[in-house]
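What follows is one structure encoded as structure tokens, with my remarks underneath.
Rule-based calculations on the coordinates, nothing more; no lab input. In this text, all values refer to a predicted model and were calculated from it rather than measured experimentally. Please note: Cβ atoms are built from the backbone with ideal geometry, for glycine as well, and neighbour counts cover all protein chains shown.
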Amino acid sequence: MANRPSYVKQMDEALAGLAGSRPRLVLHACCAPCSSSVLELLERHFAVTVLYYNPNTWPEAEYARRLAELRRFLQQSGRQALPLKDEGYRPGEFYAAVAGLEGEPERGGRCTVCYRLRMERAAAYAAAHGYGWFCTTLSLSPHKDAERINRIGEELAAQYGVRHLPSEFKKRDGYKRSLALSAEYGLYRQDYCGCEFSARAAARRQTAPPGAKPGP
């Protein structure tokens with residue numbers, strides 16, 4: 001992957017181009033732990049609105065728990081004035097989007113559709129409410145494909161007429177910093193990405209005998 005883009009370098013260039021102007025940005029947030037170090041970075045450069053749109057999260061109690069943890073983190077970290085927009089629990093939108101992809105392995109085609117679904121809501125919200133920028137916390141996770149995420153971001157930027165902030169938030173110890181902040185605030189860290197399919201795959205891994213090959 002010698003020709004893989006450096007999203008860290010691209011982000012540096014984008015931030016340098018702001019020249020201290022602090023434009024408004026919509027940040028799609030999947031959970032409190034992923035939002036923690038991302039917000040710490042972004043709020044230095046943008047006026048951030050957090051958008052919680054995760055129709056993939058299963059079950060509804062898990063959705064509510066992750067949202068409550070995000071609210072608690074914002075409150076306890078002194079960010080209670082930061083706008084947080086909850087789009088509500090809409091699992092039907094996720095299941096409709098991934099119909100036919102239910103059997104895909106983790107990080108496969110179903111995940112690509114899920115990334116796009118959530119990121120598109122952030123891009124559409126930014127365009128509809130006069131924001132100049134959008135991005136997502138998803139690139140913080142070491143399990144997420146930053147190249148896919150950024151490619152989708154650029155496609156949505158062209159579609160909606162707002163700028164996508166290139167990112168690979170896991171780099172430069174971003175993921176490590178999120179672990180430290182999670183420990184500091186006692187944040188709930190889930191053991192699966194969010195959807196029913198990832199939850200069942202995680203359960204199978206936990207109960208598989210030693211040496212067994214993981215299933216899809």
In whole angstrom, and with the biggest value first, how far do the Cα coordinates of region 99-189 range along each principal axis?
38, 37, 22
Project the alpha carbons of region 88-150 onto their principal axes and report the range along each, largest first, in whole Å.
39, 27, 16
In nm, give the distance between the simple-model label positions of GLN159 and SER21, each being 7 Å from the Cα along the Cα-to-Cβ direction.
2.5 nm
Find out how many positive minus negative residues lie around LYS170, taking Lys and Arg as positive, Asp and Glu as negative, among other residues whose Cβ is under 13 Å from that of LYS170.
+1
Sticking to Cα atoms, compute the Rg of region 146-191 to one decimal and its Dmax as the biggest Cα-Cα distance, whole number, in Å.
14.5, 39
Estimated distance in nm for a label pair at ASP12 and ARG204, the labels positioned 7 Å out from Cα along Cα-to-Cβ:
4.2 nm
What is the gain in length, in nm to one decimal, between ALA47 and GLN76 on full extension, counting 0.36 nm per residue of separation less the C-alpha to C-alpha distance?
8.5 nm
For the chain: relative contact order, % (alpha-carbon pairs under 8 angstrom, 6 or more apart):
28 percent
Express in % the proportion of alpha carbon pairs of region 54-107 at distances exceeding 12 Å.
71 percent
Quick one: compute a quarter of the convex hull surface over the Cα atoms of the chain and quote it in nm².
12.9 nm²
